[in-house]
Amino acid sequence: MKIHVIIILIITFTVFTNESYSQSSEELFNRAVSKEQSGDYAGAIQDLSKAIEINPNYAIAYQYRGYVKAILDDHREAIKDYNKAIEIDPNSQNVFFNRGMSKSKIDDHRGAIQDYNKAIENYNEDADAYFNRGLSYGILGQINNACRDLKKAHEMGRFDARKLIINFCN
């Protein structure tokens, strides 16, 4: 009888202890955000990876891990995370814009333009998407498209587009 009670106590303690110390994917995500904001990028990536391990369909964790990797200029790995976020949730806010920025950084301007198109389609009032798409068009020599987007971005409040408009669109 004592052995059964001891075994039950051990099982109860083990279950209780594991539940007490395990962290949810959301808790890990929130901790990762805090770490990223304090500059602990490696710690943020580690926590986001754990959150994804717990919940492999956690689109925002993939997106945020991609964002942190982009901060570290690891754009090819960031794009992989953005791709996975899009696969899980194609309507995830900002993911197309972020992937477009990473594609621009690795000189995939055609791919960046496609992503900025999607970002604009999802949220038409994104001056940054117009501005960045304009830059990519300009790099590809598509000056008319570049000027159209830079003017739109300027109208929407991206006043730094003015200098580019004056230099390239007149």
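The values are calculated or read from the model by the stated rules, or taken from the named source; none is laboratory data. Since the structure is predicted, the reported quantities are computational estimates derived from the model, not experimental observations. In this analysis, Cβ positions are derived from the backbone assuming ideal geometry, glycine residues included, and neighbour counts consider all displayed protein chains.
Tabulated results
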{"read-out": "Residue in segment 146-153 that is surrounded by fewer than 16 Cβ atoms within 10 Å (Cβ to Cβ), out of contact with any strand residue (DSSP E or B) (no Cβ under 8 Å at 6 or more places or on another chain) and either in the same structural domain as GLU36 (by TED's automatic domain parsing) or in a helix (DSSP H, G or I) (or both) present", "value": "no"}
{"read-out": "ASN117 in contact with a Ser or Thr (Cβ under 8 Å, 6 or more places away or on another chain) and within 14 Å of PHE96 (Cβ to Cβ)", "value": "no"}
{"read-out": "Scope segment 90-100; condition surrounded by fewer than 19 Cβ atoms within 10 Å (Cβ to Cβ) and either among the small types (Gly, Ala, Ser) or at pLDDT 95 or above (or both); matching residues", "value": "SER92"}
{"read-out": "Number of the exception - PRO90 against (1) in a loop (DSSP other than H, G, I, E, B); (2) under 25 Å from ALA42 (Cα atoms); (3) not hydrophobic (A, V, I, L, M, F, W, C)", "value": "(2)"}
{"read-out": "Residue identified as within 19 Å of the chain's Cα centre (by Cα), closer than 27 Å to ASP73 by Cβ and either outside the structural domain of VAL68 (by TED's automatic domain parsing) or buried (at least 23 other Cβ atoms within 10 Å of the Cβ) (or both) among GLY141, GLY111, GLY134", "value": "GLY111"}
{"read-out": "Cβ-Cβ under 8 Å pairs, at least 6 apart or on other chains, segment 111-131 side farther than 18 Å from LEU150 by Cβ, far side outside any helix (DSSP H, G or I)", "value": "ASN122/ASN91; ASN122/GLN93; TYR123/GLN93"}
{"read-out": "When residues of segment 23-60 are limited to those that are of a type in the set (Ser, Thr, Tyr) and in a loop (DSSP other than H, G, I, E, B), the one nearest to the chain's Cα centre (by Cα)", "value": "TYR58"}
{"read-out": "Test for LEU164: is it outside the structural domain of ILE79 (by TED's automatic domain parsing) and in contact with a Cys (Cβ under 8 Å, 6 or more places away or on another chain)", "value": "no"}
{"read-out": "The lone exception for GLN142 - which of (1) touching a residue at least 12 places away in the same chain (Cβ under 8 Å); (2) out of contact with any Gly (no Cβ under 8 Å at 6 or more places or on another chain) it fails", "value": "(1)"}
{"read-out": "The lone exception for ASN83 - which of (1) crowded, with 16+ Cβ neighbours inside 10 Å; (2) closer than 30 Å to SER24 by Cβ it fails", "value": "(1)"}
{"read-out": "Residues of segment 60-74 that turn out to be more than 9 Å from VAL95 (Cβ to Cβ) and in contact with a Lys or Arg (Cβ under 7 Å, 6 or more places away or on another chain), as a count", "value": "0"}
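Matching residues to (1) within 29 Å of SER38 (Cα to Cα); (2) acidic (Asp, Glu):
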{"residue": "VAL95", "(1), (2)": "yes, no"}
{"residue": "GLY100", "(1), (2)": "yes, no"}
{"residue": "ASP126", "(1), (2)": "yes, yes"}
{"residue": "ASN170", "(1), (2)": "no, no"}
